[in-house]
Structure formats: C-alpha cells, structure tokens
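The values are calculated or read from the model by the stated rules, or taken from the named source; none is laboratory data. A quick note: this is a predicted structure, and the numbers were derived from the prediction, not measured. Ideal geometry is used to build each Cβ from the backbone, glycine not excepted, and the neighbour counts take in all protein chains shown.
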Amino acid sequence: MSLLMEPDYGTPPSKRTDQVTVDIDGVSITVPAETSILRASKLAGIAIPKLCATDRLKAFGSCRLCVVEIEGRNGTPSSCTTPVSEGMKVSTQSPRIDRVRQGVMELYMSDHPKECAVGDECEVHEMAARVGLKEVRYQGRTHLGIAKDESNPYFTFDSTECIVCNRCVRACDEVQGTFALTIENRGFEARVSSSGTSFIESECVSCGACVQACPTGALTEKTLLTIGAPTRSVITTCAYCGVGCSFKAEMRGDELVRMVPLKAGGANEGHSCVKGRFAWGYATHGDRITQPMVREAITDPWRKTTWEEAIGFAASSLKRIQDTHGVTSIGGITSSRCTNEEVYVVQKMIRAAFGNNNVDTCARVCHSPTGYGLSQTFGTSAGTQDFESVEHSDVILLIGANPTAAHPVFASRMKQAMRKGAQLIVVDPRVIEIVKTPHVSAAHHLQLLPGTNVAIINALAHVIAEEGYIDRDFVNARCDLESFAAWEVFIRLPINSPEALESVTRVPAEKVREAARLFASANNAAIYYGLGVTEHSQGSTMVMGIANLAMATGNIGRPGVGVNPLRGQNNVQGSCDMGSFPHELPGYRHISNPDTREIFEKIWGRTISAEPGLRIPNMFDSALNGDFKGIYIQGEDIAQSDPNISHVHAALRAMEMVIVQDLFLNETSKFAHVFLPGTSFLEKDGTFTNAERRINRVRPVMASKTGKSEWEVTCDLARAMGYEMGYANGAAIMDEIAATTPTFAGVSFSKLDEVGSLQWPCNEEQSDGTPVMHVDHFVRGLGRFMETPFVPTDEKASRKFPLLLTTGRILSQYNVGAQTRRTANVIWHSEDILDIHESDAQLRGIEDGSWVRLASRVGDTILKARITNEVPAGVVYTTFHFPESGANIITTDYSDWATNCPEYKVTAVEISPSLQGPGSLHLQHSDGDVQLESIVRMANQIAANVPADAAPEIAIAHHIGQFWTPDMRRRLLEDADRTKLSPLVLKAMELESTLTK
Amino acid sequence: MTYASWSKDEALLVLSQTRDKPGPVLISLQAIQSVFGFVPTPAVALIAEACNVSRAEVHGVLTFYSDLRTFLLPANHVRVCVAEACQAVGSRELVSGLKSQGVEFDKAFCFGNCALGPSATVNGKLQGRASVDSVVKAIQG
C-alpha cells in the first residue's frame, strides 16, 4: 500500500456548463468556460509551478510563480487568476518565464530555512528545485529567529517557515468560515497571526484546514514531527458525528501519523473538524480493554479471561435466564457507533438466536421520532438531500440543531452558502453560534421556550396557509389530497395562529409571520433539524410538522430544498436502516409483515417472532418489574447517556446478566458481568451510513487489538447459544444485507471500493445511489399531511422547579465523552458548565464561575455556573460530556408519545448556590410499579397526540398494536387503573386490535 | 490634545454610529482612536462584534495602517517625511538636525505636500519647508 496523494488542480472547478478549447504547450484541451489556465494545464497533464494556489481556495495571485505567456498578450500573467478563452495559446515554459520564476524563488529561499521540519512536504523546496534555482545571492534581514507557537495541542505554527502566501488565512475564511487568521502588520513585518495572540487563545476552532492548506512546514501536525513522515495511507470514515467525513489515515508502519480529510470525500470534500482531524488518540489509549473479562457479581472485581470462557459464561447465563423467565426475558441494544455490518449481526443474533425482537438502538434516544415522522409522511426514514444541496438553498430553516458545535463540517458548508446570500431562520431557545458569527447572521431567530416546537411549526404553517403561500401545484400533483384538506382545515384554525401561540412560545407573532413569509417565498427553502426537534414529548409530531411545511411549500424533490435530520452519531442512519428497532426488520419493514419475515427466515433458518419487542425504556421498566433479566449492550453507555440515570441504574442492577461490548470500562460496565472488548474505527472493516444516507467504507488501518472483529464476537455468542452464525468477512455481511433489503440491493464492498460511496436507495432503478429523494414521487406514493395538534408537555415549570433545563453539546467534546475525554480536547472543555441568564442568576445570588446545585424532581447534581445571555431568562443549559456532572441524573423519563425518545430537552429544575463542588452523585430511586406507571403515561400520551379525526380510538389501538409488546398490552388491559386512563384509551382498549394486530 | 479614558459604554456609543456604514472596520477603528487617542485592546473585540467580523480581521486592519495605534502618543508627536521628494529637498538634513537636538520623531512616507518639502507634522499640524527651528518652535507652542 502506498501513500495516496490527491492531485491539486490549483483553482476550484468552474461551475459553467459551456466549454472552451485552448492550446497549452501544444496540447489541446477542452474545459468549462472560466476555468483557470492553471487548472486547465493540470488537466492537460502540465503542472505549472505554484505556491499560493490550491484547488480548495479561490485564486489569489500573490506568489507570482505560476506565470505563463499568452500569445497576443503582453507580460507574464499569473495562470491561477487568468481564465481560459476560446482559441487561447499558452506557453508555460520559456527562458523569460524561467527567469521570472527563478527570481521569485530566489527571494523566497533567501528567507526560508535550508532544511524544513517536514522535509519533502515543503513545497517551497520542491518549487525551488522545479524551477532550477541554483543559488541564493541575497543576504539581509530574515524571519528565521521567530519562536514557534506550540500552544495548540495538535499543531505547531513556525513562522520561520512561513512564506505569507495566505493559504491558511484563506482556508480559515473560505472553507471553515471562522476568520481566525490574518496577516498582521505589513511589508517586511507582515506575518500570519491569530489576532496577535497564540493560537490557543485565539478564535481558532482547530479544524485543521490551515494546516492542510499550508504549503510549507509552518503549520504542521505535531504527530508528523514526532512520528515522522507517513509511508502509506488508507481511506476511511470518521467515527464521530453523522456528517461522516472521509479521511486518509496516514500511517508509518502500524502507527497512525495523522488523519487528513479526503478531497474526494462526498460528505466533507476535504474539510474536517477538531474531532475527526485530531481527536483520534483515544483509539490507542492505555485505558483500552483488549481482553475479555468476567465476574459473578457486580460487586466482585473483574477477572481477565479467554474469549471462550467469556462467551461461554455469557451464553449459559442467557440460556438459564430464558429457561427460567421465558424467551422474552433477554434482549440487546445495538450501537450507532458501530458499522452497519456489526449492527446487522447483533439484531440478527437477537431475532434468530435469542428468538425475540427485544432489540433496540441508541437511536431510540436521539432520532427515533425522525424514523416515525418521516415514515408517516414521506414513506421512509431518511433525510431527503445530500449535503451539497445546501449550496442551492435560498432560505435555510434551522430548528433545534447547533451545527457549528455538533456538525462542524456541515456548518462550514452552511456558512459558505450564507456568505453567498442564503438567508437563515433559526428556531432555538438559545443564541447558538450561527445566529451571529463573522460574516453571517440569521435573518430571524425565533427564540422559543423549550417544549414549544410544535406550536412554532404550526404557527409558521398557519401563516403560510392563511396568507396564500401554499404551493397548490405541488400539493395537487404530489400529495394525498384528502390528508391535505384535513390538514389545511386544522392548520387554519385560530388556535394555530402566531398570535394565539405567542404566550406559549414567547416568540412575538410578527416575527413568526415574517419568518414564515421569508421561508414560503424562497425559490428553494430547506429545513435542517437536530435533537432539539426529536428529544421532546412531541418529537414525532414535530418531525411530521416539518414534513408538512416542506410539502405545503413545495420544497421537496430537488437540490436546495428538503427535510434534513442532522444525525448525532456516525451511524445513526445506518443502525436504524439495519433493523435495530424492535418493531422493524432491516429496511424499515414492520415485523408483523409475514412476507418480510419470510425473506429473513429463509436465509436465517429460524422463525422470527411477529410481535414487536421492547424499546430501551421498556426494557428498563420490564427489568424493574422482574421480567427482563439479561442484556447485550453494544457500544453504548446507557448508564451515563440515558435520561433519569437513577432509574437506569436500578434497572441494570435488577438484571442477572449484563454484557457490555465496548472500548473502555464505563458507567454501564459498573453493572456488567461480562465485558467483551470492542474495536475502534481504526480496526473495523465495514460501512457507516451518514445523515445524507451516504454509505462510506470504514477500512482497518491496524490489526484488531482484541484479536477479533466485533461481529465475530457476536457470532461466537450466537453460536454458543445454539444458533449457527458466521461470515467470512465484513463484505459477506453486506452481501446478506443487499440480498434481504431492497434499498441496499445494489450495495457491495467491491462497488463501494470502486465508486467511493453510495447514497441509498441503491438498487436496480438507482444503481448509482440517490442524492435527492422523492424527486418524482414520494416513497409512499403520495405525500401524506398529518395533523399536528400542539400538546404541551407534562414537564412544566412550577413553583418548586421554575426553570427549564435544556441539554446539548459543545464542539470539542463528543456525547458522553468516552473518546474525546481521552484526548487533548479537554484543553478546550474539561467539565460541564451550567449556562444561566443574568437575571435568574441575580435572583438566586449566583455568581459567574461558582458552584450551583441543580435539582429536578428526579435528582440533583452540582455544576459550575456561567452567566450568559446565550440562554433567555427562565432557561438553563448544560452539556452531558462528563460523568461526574451527571446531567442525566436530572433529566426525567418522560418521552416522545410515539417512539419513547426521551425528553432530554425539557426538564423543570431549580438552581441554588452550593458551597462545595461535586461529591458523590445522589441517586433517587422510585418505588412502586414503575412499568405500569410508564404504560399508563404512554397510553394517555398517545391518546393526546393522535389526530382528532372521526375515530381516534382506532388510531390509538393501531399504534399500541404496532409498537408495544404483547406483555405491555396485556398489562394495560389487565393491570392498569382505569380511572387513570383517558376516555379515549379506554375506548381503544375495547377494540380487538389493542389485543392483537 | 486630551482624550477620553477607556469606557466600554463610550466605545459602544461610538460604534453604534459606525457599525452600519460601508467598510465599517476601518471607520470604527478611526472613530475609536479619535475618542480614546488610540485603539485600546478591549476595543478590538467590541469592533469585531459590532461589525460582525472576527477579532483577527480587526487586528489585521489595525496593524496594517501605521496611523492606527495601540498606545497613546507622547505629549508632542513629530513626524518627518522621508520619502523621495522630501529627501531631494533636504529632509535628511532635517532628520539629522532633529536627532542632534534630541527631538523624538517618527518617519513618514509622504504627506502629499511634495511641492513644499521637506514636510513634517507636529501634533497633526502640517508644516511645509520644515526646518529644525520650525519644528522645535511648534513643539514649544
């Protein structure tokens, strides 16, 4: 294997479609109009020397090295800034050009170290050799004595090697959009600077774009200097967020030197963020557990053992539990951090070897409402666009997402679109960075109260319907008209007007009206949303409201529009696609469908249960009830990340066999009996599917540190349970996925290796994949409008808990922090902080930086406060990256009515000053029949949220039949206190379909 | 000349009048300097915020123009033109004369007053046909 060098064409491609033909050094080449001579030459196979030009950045014309001669024109123009024209004759070499280039290079070399730290990578030395520079006659002042800036943990800035070509400054401006670099002073004193401070004190977000752009050793990865030059590279996919950036993992032997973003990467086009680019050190961190461990009781110390013993112990325990407590007494959770292949194998093991459908995924707690909402309206659970689409948007509606922190590479693209004129509407309780950041600002920021999303989306749609903005042509041609008619009547009701909802949302009605008009009158309006939409009691309703809005305004089915969930984890999309939900087989096909089951039964050789299994929160309830005793947890730290941790801990304690498959010991493994070491993304061979449905290859760059692939371990466990399961390699798993799942029919490792990536559906009709979905018709045929009544959450601010807590993420840390806390990223964020508005702080005598006690009705914890106007009065905010802060001790087990996605984004809290910092965490345990309480609450919630059409009880019964396990349905019918159930639920319970489907 | 001492409120007031003008960064820097006599460090972030640019960009502009300063000038500020036209009519003699008198000054490159060189300014007031005497006299006021 060799080191991949992606060609640099010097300037970006021209977007013109008309072609011109030019003659360069006697070679005739036809290129799009407005292509630079530099680029056209490179395309013709002639590399003109250059320093300040690179094809990720606009031409700059400062280094004067790429000069050429053009027949009929005077002088030696720079080829990067001169576009080709029809019939142009260009010479890239002549004695005069040589003289100019040598003169330029002699000046550069007179103020450049003789040997650069990066050796061959220094383009200055390369160009000096290329232009035939023999000697440097100049002597005088140089910059060779300037001290290095080593403040950034990941790269150095050595001004002595800098040639002030501006590539770093332009990369920071044009690509990243942070504008953190500048040239300070002028003339001889002109140097690259991060606003006169060190890099770490500057506005730099450490995305690495400048390091990548630097043609010299001035900006260099520290690992390149400590480890040495890479000798080979492997193209793979980042394992952090749902953007799914493609990287070249550059290796020296078995050691990873650096991760370099791939220009050919469909998702990122050569850009990166601090996490993917630099924060990969956790993969080989000393905390990694690489040997299986077991223990009889969670109070015992761990004992290292062999794979055989660990698997045997786990399997015999699971079998014993099933023998005693029944087939459905065990289950498992798949991980959105793992590959499609690993996830597919886990759900297969549960359905085939465990013999039940008790499989769920961590997407339950993030994007399950996206699955439900988009399936109901469009017919499939996926974002409609590719990322590139945003470049064609005129208006972007961003709801409950903070892309500059959570999806930084996409945020950069969004900012690029905004700098070209796209207008932004932000719907968020907080003043997130993109509301106003250098050179871009939102046209509208609807700063709503947490928990009122549906009210806002209804108000926006109300204005659009009332003021005549509905795209009737689109609706008539593409949508189910009956559903539209009902929706239109509903949405035009006065209760949905911005004026009526102003007191609920706190957003002035006129602002809502202006935003609605801006959105509706755009040629191309796109909606992007994140967990601020889904993690609510009405998460699914909100997703449907978003879909309604897109359909009503005709913003579906072409570039620049669409409904786009920004997925939190690298493989949320994929883990959902792979059949991780208890009611669905791969490809979002309901478990009750005998035809679908038959496809899998034939290949798997086992009968699949037709009944939906337990969702994650149902598993906890069931465990506390004594019915659920064993769990296999693939790469998810539920004891930190799931809401109401006290409840989760109690549930885990109630189980007899907890198997954790992970890289590190974590909060969940404290309750585990078997620890199966997992593999990092650098050891995996498989695929991740990002938020734009793009299936990217994950390739191993080093051998598995555990000696096994994760899917092999799953297969071993299945075999030990008595079910024969095995594959030759990851590719064979994908072949089975393709054979069983129509949307993946055309996907294989060999095809991915050939084309780079594929966006599903990829099958006979769309053999190259599908960048934009629903172009001619919706997956379900006609788009379906759903009524979305606003039902306020039961989690309300009260006298005892008067503030609303909402949670989120910051740039440098990732989720529960298991990875990023084990990297130098802690330099930016080493603890979770509670953001509180000035007025709320004053009222409570809280000072900036002081300890505060944060309490909700389920628990309390201690955090450091930051006084800020980024949150409005009445709202507080924190992150959940550190286990010590225990943010999820506070969050409740309230959840989305349709999917049980937790309501992380709204918790009523009170805050008081605390004299001391965090001690041990206080967990409160609830008594009583927790499962029954949940069942009653869930049933009433469903009743409150189904559309109020002719027979809501049928919809309720259908929903319960579709998503609840038989046992939960039985308990509703037999055990629930009927006085606590709403009349609609009671009516639904009389229907046959509540009992069976 | 007397300047206001640093006040964030005062700075915000100044910026409220410059922020919406075209090319607001340079205008804001000049306005801040005219009020405070120089551009105090905290002003950089305020200008960046007001003009919706980065602090780095403000820093770039601030350090590019030699007329923009990050420190308060001495009580008397002398600048002598040392560009070609003035050199041709005696600015070198003026420079050495001032040095021998112990007068501190900054070099400047052209005040646009070439026909009347050598040129100098004392506290911003331009002198044509400047001499050591005329400069010293202006300083002594």
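Name the residue that is nearest to A:Gln634 (Cα to Cα), counting only residues in segment A:659-678 that are without any contact (Cβ under 8 Å) to a residue 60 or more places away in the chain and among the β-branched types (Val, Ile, Thr). Among them, the one singled out is A:Val660. Does A:Leu984 fit the bill of being out of contact with any Phe, Trp or Tyr (no Cβ under 9 Å at 6 or more places or on another chain), modelled with pLDDT of 90 or more and more than 29 Å from A:Ala654 (Cβ to Cβ)? Answer is yes for this residue. Check A:Ile645, A:Ile599 and return the single one that is assigned by TED's automatic domain parsing to the domain that holds A:Ile311, at pLDDT 95 or above and not charged (D, E, K, R). Going through A:Ile645, A:Ile599 in turn, just one is assigned by TED's automatic domain parsing to the domain that holds A:Ile311, at pLDDT 95 or above and not charged (D, E, K, R): A:Ile599. Considering the conditions (1) in contact (Cβ under 8 Å) with a residue 24 or more places away in the chain; (2) closer than 26 Å to B:Asn123 by Cβ; (3) basic (Lys, Arg), B:Arg19 is excluded by exactly one of them, (2).
Every condition in (1) at the interface with chain B (Cβ under 9 Å from one of its Cβ atoms); (2) surrounded by fewer than 23 Cβ atoms within 10 Å (Cβ to Cβ); (3) part of a helix (DSSP H, G or I) is met by A:Ile200 except one, and the failing one is (1). Counting only strands (runs of 3 or more DSSP E) that sit wholly inside segment A:671-757, those with at least 2 residues that are under 30 Å from A:Ser316 (Cβ atoms) and more than 27 Å from the chain's Cα centre (by Cα) are A:674-677. A:Ala526 meets all of the listed conditions (1) under 22 Å from the mean Cα position of the chain (by Cα); (2) in the same structural domain as A:Asn358 (by TED's automatic domain parsing) but one, namely (2). Whether a residue is surrounded by fewer than 24 Cβ atoms within 10 Å (Cβ to Cβ), among the aliphatic types (A, V, I, L, M) and touching a Lys or Arg at 6+ places or on another chain (Cβ under 9 Å) was assessed, and A:Met702 does not pass this test. Filter segment A:174-196 down to residues that are free of Cβ contacts under 8 Å to residues at least 60 places away in the same chain and more than 9 Å from chain B (Cβ to nearest Cβ) and give me whichever is farthest from A:Val440 (Cα to Cα). That would be A:Phe188. Tallying residues that are closer than 13 Å to A:Thr361 by Cα and either assigned by TED's automatic domain parsing to the domain that holds A:Ala239 or among the charged types (D, E, K, R) (or both) within segment A:308-347 yields 2. Considering segment A:136-166, and only residues there that are among the aromatic types (Phe, Trp, Tyr) and in a loop (DSSP other than H, G, I, E, B), the residue that is nearest to A:Val826 (Cα to Cα) turns out to be A:Tyr154.
When the residues of segment A:442-478 are filtered to those that are part of a helix (DSSP H, G or I) and of a type in the set (S, T, N, Q), the one that is surrounded by the fewest Cβ atoms within 10 Å (Cβ to Cβ) is A:Asn476. The residues listed here are A:Ala976, A:Ala957; of these, the one that is farther than 30 Å from A:Ser839 by Cβ, modelled with pLDDT of 90 or more and part of a loop (DSSP other than H, G, I, E, B) is A:Ala976. Among the conditions (1) modelled with pLDDT under 90; (2) farther than 25 Å from A:Val572 by Cβ, the only one that A:Val816 does not satisfy is (2).
For segment A:835-879, the strands (runs of 3 or more DSSP E) that sit wholly inside it and include 1 or more residues that are more than 20 Å from A:Asn402 (Cα to Cα) are A:851-856, A:859-867. For beta carbons closer than 8 Å, sequence separation of 6+ or different chains, a first residue in segment A:572-584 that is over 17 Å from A:Gly379 (Cβ atoms) and free of Cβ contacts under 8 Å to residues at least 60 places away in the same chain and a second that is of a type outside the set (Asp, Glu) and surrounded by 24 or more Cβ atoms within 10 Å (Cβ to Cβ), there are no qualifying pairs. Entry remark, segment A:429-441: residues being buried (at least 22 other Cβ atoms within 10 Å of the Cβ), closer than 19 Å to A:Val175 by Cα and either modelled with pLDDT under 95 or more than 11 Å from chain B (Cβ to nearest Cβ) (or both) number 1 in total.
Looking across segment A:30-48, the residues that are assigned to a loop (DSSP other than H, G, I, E, B) and either buried (at least 19 other Cβ atoms within 10 Å of the Cβ) or touching a strand residue (DSSP E or B) at 6+ places or on another chain (Cβ under 8 Å) (or both) come down to A:Ala33, A:Glu34, A:Thr35, A:Ala44, A:Gly45, A:Ile46, A:Ile48. Going by the conditions given, is A:Leu811 surrounded by 21 or more Cβ atoms within 10 Å (Cβ to Cβ) and in contact (Cβ under 8 Å) with a residue 60 or more places away in the chain? Yes, satisfied. Screening the candidates A:Gly332, A:Gly371, A:Gly326, A:Gly355 for the property of being at positive phi, of a type outside the set (Asp, Glu) and crowded, with 18+ Cβ neighbours inside 10 Å yields one hit, A:Gly355.
Checked against the criterion of being within 13 Å of the chain's Cα centre (by Cα), more than 13 Å from chain A (Cβ to nearest Cβ) and touching a residue at least 24 places away in the same chain (Cβ under 8 Å), the candidates B:Leu73, B:Leu46 yield just one match: B:Leu73. Please work out if A:Pro95 is without any contact (Cβ under 8 Å) to a residue 12 or more places away in the chain and outside the structural domain of A:Ser193 (by TED's automatic domain parsing). Criteria met by A:Pro95. For segment B:100-120, a residue qualifies if it is buried (at least 16 other Cβ atoms within 10 Å of the Cβ), over 13 Å from the mean Cα position of the chain (by Cα), at pLDDT below 95 and within 13 Å of B:Val78 (Cα to Cα), and exactly one does: B:Val103. Annotation note: Cβ proximity below 8 Å between a residue of segment A:55-73 that is farther than 13 Å from A:Gly103 by Cα and outside the structural domain of A:Glu269 (by TED's automatic domain parsing) and a residue that is surrounded by fewer than 18 Cβ atoms within 10 Å (Cβ to Cβ) and among the β-branched types (Val, Ile, Thr) (sequence gap 6+ or interchain) occurs for A:Ala59/A:Thr81; A:Phe60/A:Thr81; A:Gly61/A:Thr81. The residue list A:Ala314, A:Ala363 contains one member that is within 21 Å of A:Asp577 (Cβ to Cβ) and crowded, with 24+ Cβ neighbours inside 10 Å, which is A:Ala363. Filtered by the rule that a residue be in contact (Cβ under 8 Å) with a residue 60 or more places away in the chain, part of a strand (DSSP E or B) and more than 23 Å from A:Gly817 (Cα to Cα), segment A:239-272 gives A:Lys248, A:Glu250, A:Met251. If you check A:Ile836, A:Ile827 for being β-branched (Val, Ile, Thr), in contact (Cβ under 8 Å) with a residue 40 or more places away in the chain and closer than 21 Å to A:Trp280 by Cα, only one passes: A:Ile827. In segment A:281-311, the qualifying residues are those that are touching a Ser or Thr at 6+ places or on another chain (Cβ under 9 Å) and not in a loop (DSSP other than H, G, I, E, B), and the one that is nearest to A:Asp627 (Cα to Cα) is A:Val294.
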